[in-house]
């Protein structure tokens with residue numbers, strides 16, 4: 001594990017399109033299929049990362065809450081499964097079922113989608129508005145494994161609340177940190 005910050009893709013960047021297999025349904029899913037009327041949150045996660053495990057329950061909680069506010073959600077795993085078999089599609093499906101994901105969990109075998117988003121770590125969060133423009137990229141909150149700060153989702157929740165309400169989103173955004181994406 002190598003502690004890696006997110007690259008902080010430029011605000012205003014248009015959401016890169018994709019079509020990837022969903023490990024839950026077995027169907028191919030495109031960005032357009034899951035875009036909410038207010039926007040979408042694209043999350044790069046994986047099964048084995050302790051930083052993702054640390055915030056897993058909050059991810060499940062806020063996705064259900066904000067889906068009701070017309071934000072779409074998708075999680076993508078782009079890790080090299082030869083080196084990290086616990087991130088393989090079958091294990092992804094098992095985890096998604098265990099946690100009862102209410103959003104697609106997509107497998108980016110070629111890693112092209114992670115590269116298009118300039119994703120560098122897990123977790124890595126990208127919030128796009130209804131015009132497909134990036135309005136937030138950064139941390140969920142300041143909690144990290146072992147730092148004693150409770151997981152609240154404060155930073156990302158504030159951005160999603162502002163998006164839903166049509167308010168300007170705070171430009172002072174802190175990078176997410178976590179395990180580096182396991183490139184092939």
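Only the coordinates and a few stated rules stand behind these numbers; no lab work does. Because the structure is a prediction, the values reported are computed rather than measured. Counting neighbours? That spans all protein chains shown, and the Cβs are built from the backbone with ideal geometry, glycine included.
Kindly provide the helix-only [θ] at 222 nm of the chain, computed as the sum of -39,500 (n - 2.57) over DSSP H runs of four or more divided by all residues, to the nearest 500 deg cm²/dmol?
Details: 5 runs with 50 residues, N = 184.
Rounded to the nearest 500, it is -8000 deg cm²/dmol.
Which of 76, 29, 149 moves the most in a Gaussian network model of the chain with Cα springs under 10 Å?
149
Report the full-extension gain for the segment residue 83 to residue 162: residue separation times 0.36 nm, less the Cα-Cα distance, to one decimal in nm.
So the chain would gain 24.5 nm between residue 83 and residue 162.
With the alpha-carbon atoms as the only input, what is the per residue convex hull volume for the stretch 11-58 in Å³?
On the way: hull volume 6.3 nm³, N = 48.
Enclosed volume per residue, from the Cα hull, is 132 Å³.
Taking other Cβ within 10 Å of each residue's Cβ, how do 35, 126 sort, fewest first? Mind showing how you got there, number by number?
On the way: 35 18, 126 25.
In increasing order of surrounding Cβ atoms, one gets 35, 126.
What is the order of 121, 46, 179, fewest Cβ neighbours within 10 Å to most?
So the residues, fewest neighbours to most, are 179, 121, 46.
Got a sec? How would 128, 62 order by Cβ neighbour count within 10 Å, fewest to most?
Numbers: 128 26, 62 20.
Least to most surrounded, the residues fall as 62, 128.
Please report, in Å, the Rg and the Dmax of the stretch 3-180, where both are computed over Cα atoms only.
Calculated on Cα positions, Rg and Dmax stand at 14.7, 44 Å.
GNM on the chain, C-alpha springs below 10 Å: top fluctuator among 85, 21, 168?
168
Roughly what % of DSSP beta bridges within the chain run antiparallel, to the nearest 5?
Values: 20 of 29 bridges.
Looking only at bridges with both residues in the chain, the antiparallel portion is about 70 percent.
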